[in-house]
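First comes the structure, then the notes that go with it.
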Amino acid sequence: MTENKNEEQTLENETIEESAAEAVFAEEEIPAEQNQEETPVEKDELQLSHEKIAELQAKIEEMDNRYLRLQADFDNSRRRAKLDMEAAQKYRVQSIAGDLVEALDNFERATKIEADNEQTKSLLQGMEMVYKAIIDALTKEGIEPISSVGEEFDPRLHQAVMQVQDENFGSNIVVEEFQKGYVLKDRVLRPAMVKVNE
């Protein structure tokens, strides 16, 4: 009888162990089945994650474009500042040159006075020396007078205040200069006031 009980106990233990093993195998199979078929909740989450990725990619692209525009604006600003600085350096004497040109006109008028005594002659000689020194200083800075008489009229360089008919000159040729014009490198400081042949 004891043997029967032991056998029954053994059989019962084996049955329990088999049931437990089947349950373990069954638990392992359930997730595998679930992975193969997505539930509606998981599909929604996957759809949301795809939308989030697309949204983030669009933001990255927008920020890249903004960065490129800012970089281009910065490069343009730096280039403009460099050009402005070069122009300021190149034409730094323009404001004072305009004032000096007016003074040169007065010097020219004064040197054309005829001297009748030695004192006046020496004074005129001193004025001519100062005039030449100013002209040399301006020439070093790139300021030069505009040549006019005998040249063809150029509206960028000359300002016509009179017209005449003179057979000694060709058409559209400057006959007389009333006031000298000056250029600073490639800029006109003041156009020459001239008389032009028709």
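Observations on the model:
- Solvent-accessible surface (1.4 angstrom probe) belonging to residue 153, in square angstrom, nearest 10: 50
- Taking the 1.4 Å solvent-accessible surface of region 49-109 as the whole, the part contributed by carbon and sulfur is 57%.
- Largest-first ordering by accessible area, 1.4 Å probe, given options 162, 129: 129, 162
- Karplus (6.51, -1.76, 1.60) ³J(HN,Hα), θ = phi - 60°, over region 96-110, in Hz, Gly and Pro reported as x: 6, 5, x, 6, 5, 4, 4, 5, 4, 4, 5, 4, 5, 4, 5
- Projected label distance in nm at residue 111 and residue 64, using a 7 Å step from Cα toward the beta-carbon: 6.9
- Residue 164 - accessible surface, heavy atoms, 1.4 Å probe, Å² rounded to 10: 40
- Across 132/180; 112/140; 132/195; 140/180; 90/140, pairs whose alpha-carbon gap is larger than 23 Å: 112/140; 132/195
- Between residue 166 and residue 92, the modelled label-to-label distance comes to 4.2 nm, taking each label 7 Å out from Cα in the direction of the beta carbon.
- Sequence-distant residues sharing a close amide H with residue 179 (under 5 Å, placed H): 193
- Shown are 156, 109, whose ranking by accessible area with a 1.4 Å probe and every protein chain present, most to least, is 156, 109.
- Computed with a 1.4 Å probe over protein heavy atoms only, the accessible area of residue 120 comes to about 40 Å².
The values are calculated or read from the model by the stated rules, or taken from the named source; none is laboratory data. A quick note: this is a predicted structure, and the numbers were derived from the prediction, not measured. So basically every Cβ, Gly included, is an ideal-geometry build from the backbone, and we count neighbours across all protein chains shown. The protein model used for the area step is the full one, side chains on, heavy atoms only, and it has no ligands, DNA or RNA in it. Shrake-Rupley method; radii C 1.70, N 1.55, O 1.52, S 1.80 Å.
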